[in-house]
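*Asks:* Let me give you the structure first, and then I'll get to my questions.
The values are calculated or read from the model by the stated rules, or taken from the named source; none is laboratory data. Only a predicted model underlies this, so the values are computations on that prediction, with no experimental measurement involved. All Cβ positions, even for glycine, are placed from backbone atoms using ideal geometry, and neighbour counts span all protein chains on display. We work out accessible area using only protein heavy atoms, side chains counted, and drop any ligands, DNA or RNA first. Shrake-Rupley method; radii C 1.70, N 1.55, O 1.52, S 1.80 Å.
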Amino acid sequence: MLLSLSLQNWRSHADTTLEFVKGTNMLVGKMGSGKSSVVDALCFSFFGTFPKLARHDISLEDIRNVRSGNGRVQAELKFSHEGKEYQIRRFFDAKGTGAEIYCEGKLLDKGPVAVTKYVRELLRVDYDLFVRAIYSEQNKIDYLLSIDPRKRKAEIDELLGLDRFENARANASTVAKKLSDLADLFAAECKPERLAELARRIGEYEKKAAKMREEEQALLADEKMLKEEKETLEKQAATLSEKKSKHVSLNDKKNKLAGIIARINAELEGAAETDEKAILEKKAALDLGKRQKSDSEKMQKSHSDFVAAASAELGRLAEAEKNAKKADEEARKAGEKLGALLAGKPLAALETECAACEEGANAARKMISEKKALLDAAKTSKRGLDGAIDDCPVCGQKLGGDVKLHLAAERQKQIASFEHEISEFEKSGKEQVIACEKLKKRIFDSKVVASELERLRGAAGIDIGKIAAEMEECKKKIVIGRAGQEKSAHEARALSDVANKLSSELEKMQRLAANFAQKKKAEEELRQAADAIAALGWDEKAYEKLRAEHMAAGEALAGVIAKREGIAREMLGVTEMLRELNGELSALSSKQKKADYYRNSASDLSAYKNCIAQAQNEVRTVLVEEINTALSHIWPIIYPYSDCSGARMSVGEKDYEIEINADGWKGVDRVASGGERACISLALRISFATVLTPNLSWLILDEPTHNLDAEAVEMLGKALGEKIPTIVEQTFIITHDAGLLDAGIGRVYRLDRDKDKNEDTKVEML
């Protein structure tokens, strides 16, 4: 049983909750008030879709309440099944879609696909069966009675799920026709004469290929023999090439050595071979000259260092003399400045005078304070005498007019006297302060100058005469040092000339000795090269003959290889042609097999189509029998009169005949009134629901009064309120017809909405 449905931002519902009862539940309201969207939400909760969404008449985003912005859209359904309470919540927002299913508050599964699968397995009803058996779309309660009989069979077949058999049979016929056409097409391409022509050409090319393979094998044998002959000649040529290389190398060496000997002889022309002992003596003389030169250079550096030290000392003494003279002058000036500051008095006398001035300034400040206190008292007394009082502010006695004036004049004189004294003391004190500050500055400046004078006197105590004598001594040292430096430089230059001469003579002697040694070595190597050439026994004619034989063998091998490669290239063409011919033959054979396969498959599909038709008829017969059985129980409950004792549905060749038993079975289209048509339509809907969904006892009717007259509406209302609840556990009616409100239906909700203002749906339980 469905318990409740809560909607958030669903179409015109901003926040709506509907609670359902066992029996009939009705939603009534004007067009566009949001009634059908409730049923859509119920179907969406179970299966994640509803008819308009499944047909793509609207998109998922069209479901969103336009006033919600990007808020979450949610439908939450609670229902009981087999003694347990379940809750399904489906939603979507900017992040995507989601779904959850709970049992007794415990999460069972989540995700749109997983929840739909769980619902399908739990209720044993899928979406297609739900919308066919339980949910009657808007205005379709009497649809089966009002449509053209030629279309009614297809509609009822679809309602019963038999259209799938028809679709399968039609598809089988279409596929069988396509397979037959393909078989004919492939068979037309596989002509026998073409197959024979291909076989003949393949045989010719295979013979040609076999002959070419024999020629190729013979050429390969010749190629192998020529390669072996060429390799043998190559080895012999390699040996002779190595011997030739040695011969050329020895000849080059011999010629090079002869050139070296000629060059050395030209350089040594008229020169005698140098004695090794003379070279050693010359080297010893050169080493002695170098040592003497080094000693002279060291002496020269020593004199230079002596002159540098004396010059540095002379500079230091000149700076000291300058500083001493400067200190004497600064000390004289500082003494004069200190005398001017002290003015002939000792520093202690100035400090005593400063202390006296400071004491006088303090005494003046004290007197000023005392006089100001007396002045304030006199002013206070004067203000009292100037007032309206008649008593003496001191003794309390009565004051006469003259006495009061006399006392006031006395007080005024005192005030003037005190003010004069204060002014004098302030003037005296200011002078004392100024004198004290001046003395303090003289004392400070005197101490600073005295300290600087003491420092300068210490610096001025240097003996300037002694410094002058030391400076003269340094000058003499510099003269002596420079004389020694010049003498050492002269000796070093003379020794350097001697050493350079000895070095040149030694180099010439060593060069002559090296030339004589090189000549002896070259003459020995020349003799060895001549011996090696004689021992090698090189034969240029034999080498040229072998080269010619090797070249001829190479040309013969190249000719054989070229001929073999030509045959190989021709073989490629033959092989490619064989591949194409065999490929075409294989393709035609494959097409022949496909033609046979498609023809057999078309035959099998024809048999399959007949089986589908037979199964469709058998299922239709069973379903119609079960629906008629259900109608036999339902009709007496729905139709309250005795003039029509039964209703049934039979299967014709082109239509389902719907009949009522009113003095014999008669077609509804010919004899039924509006009320009878409403009853038979409702009975059929209930029969379809009980037969197709036996485990559920639900019925949903959207605008069932469409096209019904007043009598039919009244009869339908009574059935919904009194009789259908005895057959179906829970029924849901969506209607704008207020005439059903008097039918005594279990629970009624009124839905209202101002469409002009684009308001949200308002719900009221009646």
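*Asks:* Looking at Thr629, Thr705, Thr621, Thr690 in this structure, which one is open to solvent by 50 Å² or more (accessible area, probe 1.4 Å), of a type in the set (Val, Ile, Thr) and within 29 Å of Lys52 (Cα to Cα)?
*Replies:* Numbers: Thr629 fails: within 29 Å of Lys52 (Cα to Cα); Thr705 fails: open to solvent by 50 Å² or more (accessible area, probe 1.4 Å); Thr621 fails: within 29 Å of Lys52 (Cα to Cα).
So the residue among Thr629, Thr705, Thr621, Thr690 that is open to solvent by 50 Å² or more (accessible area, probe 1.4 Å), of a type in the set (Val, Ile, Thr) and within 29 Å of Lys52 (Cα to Cα) is Thr690.
*Asks:* Let me ask another. May I ask you to verify whether Lys290 is in a helix (DSSP H, G or I) and modelled with pLDDT of 80 or more? Reasoning before the result, please.
*Replies:* Working: in a helix (DSSP H, G or I): yes; modelled with pLDDT of 80 or more: no.
When the stated conditions are applied, Lys290 does not pass them.
*Asks:* Can you say whether Arg169 is part of a helix (DSSP H, G or I), within 30 Å of Ser589 (Cβ to Cβ), of a type in the set (Lys, Arg) and touching a helix residue (DSSP H, G or I) at 6+ places or on another chain (Cβ under 6 Å), as far as the supplied structure shows?
*Replies:* Details: part of a helix (DSSP H, G or I): yes; within 30 Å of Ser589 (Cβ to Cβ): no; of a type in the set (Lys, Arg): yes; touching a helix residue (DSSP H, G or I) at 6+ places or on another chain (Cβ under 6 Å): yes.
No; evaluated as a whole, the condition is false for this residue.
*Asks:* Then there's this: Which of the residues that make up segment 28-38 are among the aliphatic types (A, V, I, L, M) and open to solvent by less than 10 Å² (accessible area, probe 1.4 Å)? Write out each step before concluding.
*Replies:* Filtering segment 28-38 down to residues among the aliphatic types (A, V, I, L, M) leaves 28, 31, 38.
Across segment 28-38, the qualifying residues are Val28, Val38.
*Asks:* Please work out if Lys519 is open to solvent by less than 80 Å² (accessible area, probe 1.4 Å), under 30 Å from Lys253 (Cα atoms) and either of a type in the set (Lys, Arg) or not in a helix (DSSP H, G or I) (or both). Give the steps one after another, and end with the answer.
*Replies:* Values: open to solvent by less than 80 Å² (accessible area, probe 1.4 Å): yes; under 30 Å from Lys253 (Cα atoms): yes; either of a type in the set (Lys, Arg) or not in a helix (DSSP H, G or I) (or both): yes.
Considered against the rule, which asks whether it is open to solvent by less than 80 Å² (accessible area, probe 1.4 Å), under 30 Å from Lys253 (Cα atoms) and either of a type in the set (Lys, Arg) or not in a helix (DSSP H, G or I) (or both), Lys519 comes out as yes.
*Asks:* Restricted to segment 148-176, and to residues that are among the charged types (D, E, K, R) and touching a residue at least 12 places away in the same chain (Cβ under 8 Å), which residue is surrounded by the most Cβ atoms within 10 Å (Cβ to Cβ)?
*Replies:* At the first step, the residues of segment 148-176 found to be among the charged types (D, E, K, R) are 148, 150-153, 155, 157-158, 163-164, 166, 169.
If we keep only those that are touching a residue at least 12 places away in the same chain (Cβ under 8 Å) as well, we get 150, 152-153, 155, 157-158, 166, 169.
On the way: Arg150: 9, Arg152: 21, Lys153: 19, Glu155: 16, Asp157: 19, Glu158: 15, Glu166: 16, Arg169: 18.
Among residues in segment 148-176 that are among the charged types (D, E, K, R) and touching a residue at least 12 places away in the same chain (Cβ under 8 Å), the one surrounded by the most Cβ atoms within 10 Å (Cβ to Cβ) is Arg152.
*Asks:* Anything in segment 88-97 that is at pLDDT 95 or above and either open to solvent by 40 Å² or more (accessible area, probe 1.4 Å) or of a type in the set (Asp, Glu) (or both)? List them, or say none.
*Replies:* Arg89 - this is the single residue of segment 88-97 that is at pLDDT 95 or above and either open to solvent by 40 Å² or more (accessible area, probe 1.4 Å) or of a type in the set (Asp, Glu) (or both).
*Asks:* Next question. Name the one entry in Leu557, Leu526 that is open to solvent by less than 50 Å² (accessible area, probe 1.4 Å), in contact (Cβ under 8 Å) with a residue 12 or more places away in the chain, more than 29 Å from Lys235 (Cβ to Cβ) and assigned to a helix (DSSP H, G or I). Talk me through it step by step, then tell me what you get.
*Replies:* Working: Leu557 fails: more than 29 Å from Lys235 (Cβ to Cβ).
Matching residue, one of Leu557, Leu526: Leu526.
*Asks:* Go through segment 186-195 and count every residue that is open to solvent by 60 Å² or more (accessible area, probe 1.4 Å) and in contact (Cβ under 8 Å) with a residue 24 or more places away in the chain.
*Replies:* Qualifying residue count for the region: 2.
*Asks:* For residues in segment 348-389 being basic (Lys, Arg) and free of Cβ contacts under 8 Å to residues at least 40 places away in the same chain, which is surrounded by the most Cβ atoms within 10 Å (Cβ to Cβ)?
*Replies:* Step one: list which residues in segment 348-389 are basic (Lys, Arg), which gives 365-366, 371-372, 379, 382-383.
With free of Cβ contacts under 8 Å to residues at least 40 places away in the same chain added as a condition, the list becomes 366, 379, 382-383.
Working: Lys366: 12, Lys379: 16, Lys382: 18, Arg383: 12.
Taking the candidates together, the pick is Lys382.
*Asks:* If we keep just the residues of segment 532-553 that are of a type outside the set (Phe, Trp, Tyr) and in a loop (DSSP other than H, G, I, E, B), which is least open to solvent (accessible area, probe 1.4 Å)? Even if it seems obvious, please write down each step before you answer.
*Replies:* From segment 532-553, those of a type outside the set (Phe, Trp, Tyr) are 532-537, 539-542, 544-553; that's our starting set.
Remaining after also requiring in a loop (DSSP other than H, G, I, E, B): 537, 539.
Numbers: Gly537: 54, Asp539: 83 Å².
Ranking the candidates gives Gly537 first.
*Asks:* Same structure, new question: Considering each of Ile724, Ile700, Ile734, Ile745 in turn, give the residue that is within 20 Å of Ile134 (Cα to Cα) and part of a helix (DSSP H, G or I).
*Replies:* The unique qualifying residue is Ile724.
*Asks:* State the number of residues belonging to segment 51-85 that are surrounded by 12 or more Cβ atoms within 10 Å (Cβ to Cβ) and in contact (Cβ under 8 Å) with a residue 12 or more places away in the chain. Let's see the steps before the verdict.
*Replies:* So in segment 51-85, the residues surrounded by 12 or more Cβ atoms within 10 Å (Cβ to Cβ) come out as 51-54, 58, 60, 63-65, 67-68, 71-79, 81, 85.
Narrowing the set further to residues that are in contact (Cβ under 8 Å) with a residue 12 or more places away in the chain leaves 51-54, 60, 63-65, 67-68, 71-79, 81, 85.
Of the residues in segment 51-85, 21 are surrounded by 12 or more Cβ atoms within 10 Å (Cβ to Cβ) and in contact (Cβ under 8 Å) with a residue 12 or more places away in the chain.
*Asks:* Oh, and also: Looking for whichever is within 30 Å of Phe306 (Cβ to Cβ) and open to solvent by 90 Å² or more (accessible area, probe 1.4 Å) here; the options are Arg482, Arg511. Which one fits? Give the derivation first.
*Replies:* Numbers: Arg511 fails: within 30 Å of Phe306 (Cβ to Cβ).
Answer to the selection: Arg482.
*Asks:* Looking at this structure, is Ser673 modelled with pLDDT of 80 or more and surrounded by fewer than 16 Cβ atoms within 10 Å (Cβ to Cβ)? Even if it seems obvious, please write down each step before you answer.
*Replies:* Working: modelled with pLDDT of 80 or more: no; surrounded by fewer than 16 Cβ atoms within 10 Å (Cβ to Cβ): yes.
It is false that Ser673 is modelled with pLDDT of 80 or more and surrounded by fewer than 16 Cβ atoms within 10 Å (Cβ to Cβ).
*Asks:* Next question, about the same structure. Looking for whichever is over 24 Å from Ala327 (Cα atoms), basic (Lys, Arg), surrounded by 14 or more Cβ atoms within 10 Å (Cβ to Cβ) and without any contact (Cβ under 8 Å) to a residue 60 or more places away in the chain here; the options are Arg442, Arg411. Which one fits?
*Replies:* Values: Arg442 fails: without any contact (Cβ under 8 Å) to a residue 60 or more places away in the chain.
Result: Arg411 is the single residue among Arg442, Arg411 that is over 24 Å from Ala327 (Cα atoms), basic (Lys, Arg), surrounded by 14 or more Cβ atoms within 10 Å (Cβ to Cβ) and without any contact (Cβ under 8 Å) to a residue 60 or more places away in the chain.
*Asks:* What number of residues in segment 653-665 are surrounded by 15 or more Cβ atoms within 10 Å (Cβ to Cβ) and among the charged types (D, E, K, R)?
*Replies:* Count: 3.
*Asks:* Another question, if that's okay. Could you pull out the residue among Glu281, Glu231, Glu269, Glu242 that is exposed (fewer than 15 other Cβ atoms within 10 Å of the Cβ), outside any helix (DSSP H, G or I) and not β-branched (Val, Ile, Thr)? Even if it seems obvious, please write down each step before you answer.
*Replies:* Numbers: Glu281 fails: outside any helix (DSSP H, G or I); Glu231 fails: outside any helix (DSSP H, G or I); Glu242 fails: outside any helix (DSSP H, G or I).
Unique residue meeting the criteria: Glu269.
*Asks:* Could you check, for segment 8-18, whether at least one of its residues is at pLDDT 90 or above, among the acidic types (Asp, Glu), more than 19 Å from Lys762 (Cα to Cα) and assigned to a strand (DSSP E or B)? Explain how you work it out, then say what you get.
*Replies:* Initially, segment 8-18 is screened for residues at pLDDT 90 or above, giving 8-18.
Restricting the remaining residues to those that are among the acidic types (Asp, Glu) gives 15.
Of the ones still in play, those that are also more than 19 Å from Lys762 (Cα to Cα) are none.
No; the residues of segment 8-18 include none that is at pLDDT 90 or above, among the acidic types (Asp, Glu), more than 19 Å from Lys762 (Cα to Cα) and assigned to a strand (DSSP E or B).
*Asks:* Report yes if some residue within segment 753-760 is of a type outside the set (Ser, Thr, Tyr) and not in a loop (DSSP other than H, G, I, E, B); otherwise report no. I'd like the intermediate steps shown before the answer.
*Replies:* First, pick out the residues of segment 753-760 that are of a type outside the set (Ser, Thr, Tyr): 753-760.
Filter once more, so that each one left must be not in a loop (DSSP other than H, G, I, E, B): none.
No; the residues of segment 753-760 include none that is of a type outside the set (Ser, Thr, Tyr) and not in a loop (DSSP other than H, G, I, E, B).
*Asks:* With respect to Glu100, is the statement that it is surrounded by fewer than 19 Cβ atoms within 10 Å (Cβ to Cβ) and at pLDDT 95 or above true?
*Replies:* Working: surrounded by fewer than 19 Cβ atoms within 10 Å (Cβ to Cβ): yes; at pLDDT 95 or above: yes.
Answer is yes for this residue.
*Asks:* Could you check Ile627 against (1) over 18 Å from Cys679 (Cβ atoms); (2) touching a Phe, Trp or Tyr at 6+ places or on another chain (Cβ under 9 Å) and say which number it fails?
*Replies:* Among (1) over 18 Å from Cys679 (Cβ atoms); (2) touching a Phe, Trp or Tyr at 6+ places or on another chain (Cβ under 9 Å), Ile627 violates only (1).
*Asks:* OK, next. Can you tell me which residue is nearest to Gln414 (Cα to Cα) among those in segment 331-347 that are open to solvent by 60 Å² or more (accessible area, probe 1.4 Å) and of a type in the set (Gly, Ala, Ser)?
*Replies:* Our first condition is that a residue be open to solvent by 60 Å² or more (accessible area, probe 1.4 Å); within segment 331-347, this holds for 332-333, 336-337, 340, 343-346.
Checking the rest, the ones that are also of a type in the set (Gly, Ala, Ser) come to 340, 343-344.
On the way: Ala340: 49, Ala343: 46, Gly344: 47 Å.
In this case the residue turns out to be Ala343.
*Asks:* Residue by residue through segment 300-325, note down the ones that are within 27 Å of Leu502 (Cα to Cα) and buried (at least 17 other Cβ atoms within 10 Å of the Cβ).
*Replies:* Listed by number, the list holds a single entry, Gln300.
*Asks:* Can you name every residue in segment 730-763 that is open to solvent by less than 20 Å² (accessible area, probe 1.4 Å) and under 58 Å from the mean Cα position of the chain (by Cα)?
*Replies:* Listed by number, the residues that qualify are Gln730, Thr731, Phe732, Ile733, Ile734, Thr735, Val748, Tyr749, Leu751, Thr761.
*Asks:* Residues that are farther than 30 Å from Val671 by Cβ and of a type in the set (Ser, Thr, Tyr): find the strands (runs of 3 or more DSSP E) completely inside segment 38-154 holding 1 or more of those. If you could, list the steps in order and put the result at the bottom.
*Replies:* Details: elements: 73-81, 84-93, 96-103, 106-110.
Correct list: 73-81, 84-93, 96-103.
*Asks:* Can we say Ala210 is of a type in the set (Gly, Ala, Ser), within 30 Å of Arg685 (Cα to Cα) and either at pLDDT 80 or above or open to solvent by less than 70 Å² (accessible area, probe 1.4 Å) (or both)? Steps first, answer last, please.
*Replies:* Working: of a type in the set (Gly, Ala, Ser): yes; within 30 Å of Arg685 (Cα to Cα): no; either at pLDDT 80 or above or open to solvent by less than 70 Å² (accessible area, probe 1.4 Å) (or both): yes.
Judged against the criteria, Ala210 is not a match.
*Asks:* Within segment 172-205, track down each residue that is modelled with pLDDT of 80 or more and aromatic (Phe, Trp, Tyr).
*Replies:* Tyr205
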